[in-house]
1. Quick check on region 37-49: of everything there that is in contact (Cβ under 8 Å) with a residue 24 or more places away in the chain and closer than 24 Å to residue 62 by Cβ, which residue is surrounded by the fewest Cβ atoms within 10 Å (Cβ to Cβ)?
2. Take the residues in region 54-67 that are surrounded by 10 or more Cβ atoms within 10 Å (Cβ to Cβ) and of a type in the set (A, V, I, L, M, F, W, C), then tell me which one is modelled with the lowest pLDDT.
3. Output the residues belonging to region 1-36 that are hydroxyl-bearing (Ser, Thr, Tyr) and exposed (fewer than 14 other Cβ atoms within 10 Å of the Cβ).
4. Considering only residues that are farther than 21 Å from residue 47 by Cα, part of a helix (DSSP H, G or I) and not hydroxyl-bearing (Ser, Thr, Tyr), which ones fall in region 10-36?
5. Would you confirm, using the coordinates I've provided, whether residue 32 is over 24 Å from residue 59 (Cβ atoms), of a type in the set (D, E, K, R) and in contact with a Gly (Cβ under 9 Å, 6 or more places away or on another chain)?
Amino acid sequence: MKIIVLCILAGIIYMLFSALRYMVSDKGQGTRTVKALSFRIGMSVVLFAGLMVMIMLGYIQPNPSPI
């Protein structure tokens, strides 16, 4: 499970930097930046929902409260 989460996080960071590259190279004229950022947001939502489902099904355990 950790490998899957890390791969998705790496993909999210990659899309963030590719959007930065598109923004600099296109100088605001293209739509590649918007598409890359939209895909990054979608991946973030899928990761969050997937983590919630895995917690509910018992595949992963959240850290206990320090109190």
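The values are calculated or read from the model by the stated rules, or taken from the named source; none is laboratory data. Being a predicted model, the structure only gives us computed values, none of them experimental. Here the Cβ positions follow ideal geometry from the backbone for every residue, glycine too, while neighbour counts run over all protein chains shown.
1. Looking at residues that are in contact (Cβ under 8 Å) with a residue 24 or more places away in the chain and closer than 24 Å to residue 62 by Cβ, I get 46.
2. Looking at residues that are surrounded by 10 or more Cβ atoms within 10 Å (Cβ to Cβ) and of a type in the set (A, V, I, L, M, F, W, C), I get 60.
3. 14, 25, 31, listed by residue number.
4. Within region 10-36, 20, 21, 23, 24, 26, 32 meet the criteria.
5. no
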